[in-house]
1. With the structure loaded, tell me whether residue 156 is surrounded by 15 or more Cβ atoms within 10 Å (Cβ to Cβ) and touching a residue at least 12 places away in the same chain (Cβ under 8 Å) or whether it fails that test.
2. Mind checking which pairs have a first residue in segment 36-47 that is over 21 Å from residue 26 (Cβ atoms) and a second that is among the small types (Gly, Ala, Ser), Cβ under 8 Å, 6 or more apart or different chains?
3. Within segment 103-201, considering only strands (runs of 3 or more DSSP E) that don't extend past its boundaries, which have at least 3 residues that are closer than 27 Å to residue 27 by Cβ and out of contact with any Leu (no Cβ under 9 Å at 6 or more places or on another chain)?
4. Return a yes/no flag: does segment 241-249 have any residue that is crowded, with 20+ Cβ neighbours inside 10 Å, of a type in the set (A, V, I, L, M) and in contact with a Cys (Cβ under 8 Å, 6 or more places away or on another chain).
5. In segment 96-143, what residues are closer than 21 Å to residue 2 by Cβ, open to solvent by 10 Å² or more (accessible area, probe 1.4 Å) and small (Gly, Ala, Ser)?
6. Condition check: touching a residue at least 60 places away in the same chain (Cβ under 8 Å), in a helix (DSSP H, G or I) and not hydroxyl-bearing (Ser, Thr, Tyr). Does residue 248 satisfy that?
7. Pull up segment 125-148, narrow it to residues that are small (Gly, Ala, Ser) and over 19 Å from the mean Cα position of the chain (by Cα), then point me to the one that is farthest from residue 173 (Cα to Cα).
8. For segment 20-59, enumerate the residues that are among the aromatic types (Phe, Trp, Tyr), open to solvent by 40 Å² or more (accessible area, probe 1.4 Å) and either modelled with pLDDT of 95 or more or assigned to a strand (DSSP E or B) (or both).
Amino acid sequence: MQVRWLSAFLDFPADVFGSEVTFWRAIAGSTVSPPRGDHREFASLEPFNGDAHLRVQRIAAGPGGIHLDIHTPDPDAAAAEALALGATSVRDAGTHHTLESPAGFVFCLVPWTGESGRSRPIRWPGGAISIVDQLCIDVPHHAFDAEVDFWTELLDKPAKQRGHPELVALRRDPSMTLGILLQRRQDGVDEERGEPARAHLDLATNSVADEVARHEGWGATVVEHFPHWTIMADPVGMLYCITARNPRTGD
């Protein structure tokens, strides 16, 4: 499959859509595009340089979450390839396809419209540099190895284990802003309930402490500190991570 661009889509319930867009616009240092869609439910978070890799959607029902858009010149051929690798079709909308990975993570195959400009990190007052640059797919423990194989083959991006055995990163394309990380969830209640894979966003920064303070100023709260990252909850409780990675390379 020809992968020309990757976008993370933040799906927000209607009652919190406005406040969540305001928060993530501020965190990413972006502007918001004019709304689009039949019900004006879609918009892009436009970076100050490069093409948008973060998009937002107002949903009519459900708790929301994050899904991945894969931009490709031929969504129909890409869908056939994904299905052959073990994906499940959710909806064929004609112009694009919605599918689920073998572990149940929702993604869309959409037409590529020329996106090619990688966004640069932002330097904030005080010297901290950051960028929202990674989508982490949180995979049930039992399904992890098969999910890594699926994404490695579908995106044609060799996997590389990070410093922790539960983390596997797909090779980053230097022309794209968004990278993909897979994380093995620990055994627990979600395993017993058959919870599907889900995703969260990661920021890369040269100063986790400064970023945490900036995010708290916009209404986020700290969930848990680790040596190289901090788990945060945005104002409505959606989890994400601030990580000590190179914001220019993602490493």
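1. No, not satisfied.
2. From residues that are over 21 Å from residue 26 (Cβ atoms), the pairs are 36/43.
3. Per the criteria, no element qualifies.
4. no
5. Those that are closer than 21 Å to residue 2 by Cβ, open to solvent by 10 Å² or more (accessible area, probe 1.4 Å) and small (Gly, Ala, Ser): 114, 116, 117.
6. No; evaluated as a whole, the condition is false for this residue.
7. Only one residue fits best here, namely 126.
8. 42
The values are calculated or read from the model by the stated rules, or taken from the named source; none is laboratory data. For clarity, every value in this text was computed on a predicted model and none was experimentally measured. Please note: Cβ atoms are built from the backbone with ideal geometry, for glycine as well, and neighbour counts cover all protein chains shown. The accessibility values were calculated without ligands, DNA or RNA, using every heavy atom of the protein model including side chains. Shrake-Rupley method; radii C 1.70, N 1.55, O 1.52, S 1.80 Å.
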